Amino acid sequence: MGFFKKLKDKINNQTEQVTDKFKDGMSKTRDSFTSKVNDLVARYRKVDEEFFEELEEILISADVGVTTVMELIEELEMEVKRRNIQDTEEVKEVISEKLVEIYYDGEDSSIEELNLNEDGLSVILPLV
């Protein structure tokens, strides 16, 4: 086996290890966030100001970003009032809808191609 073949195999092996660690970390974060939201929904019987305050804390601790959290909470409160939602279990669906809306921010949800920088560094962040 040649030098470059050994080097390539070593790099590929290290890349796989880093990728696996990253996936494990993202999985733990996702599970933790989901678990906290499920716990919140289980503790409250009705949607009220305290419910939204705790949800706000969960989102901020999940590193969603203060501006995004404030926007999300405001939109959730309006949507809950508009749909006349009283049950906290129903709010989970609305939370998912609003997070997806914020993520896509009015853009088409399909990605046609990657935006790679031909003259420099391109950063690709996989979301698991």
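No value in this document is a laboratory result; all are computed from the given coordinates. None of these values were measured; they are calculated from a predicted model. Please note: Cβ atoms are built from the backbone with ideal geometry, for glycine as well, and neighbour counts cover all protein chains shown.
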Within the chain, helix-based [θ] at 222 nm, where runs of 4 or more DSSP H residues each add -39,500 (n - 2.57), nearest 500: -24500 deg cm²/dmol
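Quote the FRET efficiency, to the nearest 0.05, computed for Thr15 versus Leu116 with a Förster distance R0 of 22 Å and r equal to the Cβ-Cβ distance. Walk me through the numbers before you get to the answer.
Numbers: r = 18 Å, r/R0 = 0.84.
Efficiency, rounded to the nearest 0.05: 0.75.
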Of Val80, Val91, how do they rank once you tally other Cβ atoms within 10 Å and put the fewest first? Val80, Val91
What is the extension gain from Glu75 to Asn38, computed as 0.36 nm multiplied by their sequence separation minus the C-alpha to C-alpha distance, in nm to one decimal? 11.3 nm
Rounded to the nearest 20 Debye, what is the dipole magnitude of the chain about its Cα centre when Lys and Arg each give +1 and Asp and Glu each give -1 at the C-beta? 1020
Residue-wise HN-Hα coupling along the range 79-92, computed from phi with Karplus coefficients 6.51, -1.76, 1.60 (Hz; x: Gly, Pro): 5, 4, 5, 4, 8, 6, 7, 10, 7, 5, 4, 5, 5, 4
Take Thr68, Thr88 and order them by how many other Cβ atoms sit within 10 Å, fewest up front. Thr68, Thr88
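Would you mind ranking Thr19, Thr67 so that the residue whose beta carbon has the fewest other beta carbons within 10 Å leads the list?
Details: Thr19 11, Thr67 8.
Fewest-to-most ranking of Thr19, Thr67: Thr67, Thr19.
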Determine the gain in length on full extension of the stretch Gln86-Ser27; use 0.36 nm per residue of separation and subtract their C-alpha separation, reporting nm with one decimal. 18.2 nm
